[in-house]
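So the structure is just underneath, and the comments pick up after that.
The values are calculated or read from the model by the stated rules, or taken from the named source; none is laboratory data. Note that the structure is predicted; figures quoted are calculated from it, not measured. Here the Cβ positions follow ideal geometry from the backbone for every residue, glycine too, while neighbour counts run over all protein chains shown.
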Amino acid sequence: MFKTLVVRADDGKVLLACVPADQELNLRSLARCAGVKRVEMVDLSELMRLTGYIKGAVSPVGTRRRYPTFIDRSVHDQPRISVSAGVRGLQIWIAPEDLVRATGAKVESLTARA
């Protein structure tokens with residue numbers, strides 16, 4: 001199971017990061033991968049406006065706008081992963097390469113253990 005987190009870079013761009021649900025996003029690693037100095041989590045009050053999803057239901061696909069997406073490299077350790085389908089408690093099971101292709105994501109080392 002992968003969670004989708006919404007962050008804002010110091011240049012104002014919104015980014016999506018998909019990491020294993022039991023791991024923490026390493027903000028420094030994401031910033032480096034995105035080519036910016038710093039990123040921070042967006043305020044919860046902005047989630048719906050930015051993505052069309054509420055907390056706990058953010059999906060990497062089907063957001064209001066297409067945002068640069070980064071997926072942790074551990075995605076390739078599994079034949080299929082689950083990500084939110086846009087509703088709390090509803091998941092999509094998908095092959096990692098299909099998720100990467102659907103989102104145009106970059107696969108990078110993004111977790112705190114990275």
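Each residue in segment 68-89 was checked for being in contact (Cβ under 8 Å) with a residue 12 or more places away in the chain and in a loop (DSSP other than H, G, I, E, B), and 8 of them qualify.
Considering only residues in segment 32-55 that are among the small types (Gly, Ala, Ser) and over 13 Å from the mean Cα position of the chain (by Cα), the one that is nearest to Thr4 (Cα to Cα) turns out to be Gly52. Note on segment 84-114: residues that are basic (Lys, Arg) and over 20 Å from Tyr67 (Cα atoms) total 2. Restricting attention to segment 24-54 and to residues that are in a loop (DSSP other than H, G, I, E, B) and either of a type in the set (A, V, I, L, M, F, W, C) or modelled with pLDDT under 95 (or both), the residue that is surrounded by the fewest Cβ atoms within 10 Å (Cβ to Cβ) turns out to be Ile54.
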